[in-house]
Amino acid sequence: MLHSGHCHCGRLTASFETQKTPRELGVRACQCEFCRRHGAVNVSDPAGKVVINAAEADIARYRFALRTADFLICKHCGVYIAAVIGEGDQIFSTLNVAGLRMNEFLEIEEQPMRYGAEDENARVDRRRLKWTPTRFIDAALSASFFGPHQ
Ligand SMILES: [Zn+2]
């Protein structure tokens with residue numbers, strides 16, 4: 001199944017390919033302050049594929065707490081669309097399906113998640129295992145996530 005969505009103004013778009021149904025994947029509501037302020041609900045599939053199409057100039061990258069991921073926010077409409085991590089030459093993301101208005105996921109009961117007890121290694125390991133392999137159409141944006149994580 002191919003799902004697609006975009007931020008409010010439409011400058012940031014994402015597509016998500018998965019063999020699983022929304023119900024099989026489940027929808028997670030991270031309970032951290034940032035996610036709750038945005039009303040974020042997230043979906044990922046380690047066997048799936050995400051493609052993000054956006055220009056670097058339209059994206060604000062926000063880091064907080066352990067600073068291990070970039071939260072991508074549209075500079076124009078302020079919608080948070082995805083959290084992204086780069087590991088070597090691989091990129092992984094979790095999509096905020098509420099921000100992207102992927103409505104087929106929004107009918108499912110959210111599972112509240114609390115990750116606050118993780119240390120940095122546990123956090124990076126979880127994301128590598130659970131998040132979706134991701135590609136950016138914009139080559140410069142892609143390249144900015146490659147290399148050792150910092
Ligand atoms: Zn936007």
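Pull up the stretch 1-34, narrow it to residues that are of a type in the set (D, E, K, R) and in contact with a strand residue (DSSP E or B) (Cβ under 9 Å, 6 or more places away or on another chain), then point me to the one that is nearest to the ligand (Cβ to nearest atom).
Looking at residues that are of a type in the set (D, E, K, R) and in contact with a strand residue (DSSP E or B) (Cβ under 9 Å, 6 or more places away or on another chain), I get Arg11.
Quick one: in the stretch 10-33, of everything that is among the small types (Gly, Ala, Ser) and in a loop (DSSP other than H, G, I, E, B), which residue is surrounded by the fewest Cβ atoms within 10 Å (Cβ to Cβ)?
Gly10
Taking the options Ala55, Ala69, Ala60, name whichever one is within 16 Å of the ligand (Cβ to nearest atom), in contact with a strand residue (DSSP E or B) (Cβ under 7 Å, 6 or more places away or on another chain) and of a type in the set (Gly, Ala, Ser).
When all the criteria are applied, what remains is Ala60.
Just to be sure, is Ala60 under 16 Å from Arg101 (Cα atoms) and either assigned to a strand (DSSP E or B) or within 13 Å of the chain's Cα centre (by Cα) (or both)?
So Ala60 does not fit the description; no.
Tally the residues that are more than 16 Å from the ligand (Cβ to nearest atom), touching a helix residue (DSSP H, G or I) at 6+ places or on another chain (Cβ under 6 Å) and of a type in the set (A, V, I, L, M), restricting the search to the stretch 72-129.
2
Suppose we keep only residues that are among the acidic types (Asp, Glu) and in contact (Cβ under 8 Å) with a residue 24 or more places away in the chain within the stretch 120-141. Which one would you say is surrounded by the fewest Cβ atoms within 10 Å (Cβ to Cβ)?
Applying the filter and picking the extreme gives Glu120.
Please work out which one of (1) of a type in the set (Asp, Glu); (2) at pLDDT 95 or above; (3) exposed (fewer than 14 other Cβ atoms within 10 Å of the Cβ) is the condition Asp45 fails and give its number.
Only one criterion in (1) of a type in the set (Asp, Glu); (2) at pLDDT 95 or above; (3) exposed (fewer than 14 other Cβ atoms within 10 Å of the Cβ) is unmet by Asp45, namely (3).
The values are calculated or read from the model by the stated rules, or taken from the named source; none is laboratory data. These figures come from a predicted structure and were not determined experimentally. We place every Cβ from the backbone using ideal geometry, glycine too, and count neighbours over all the protein chains shown.
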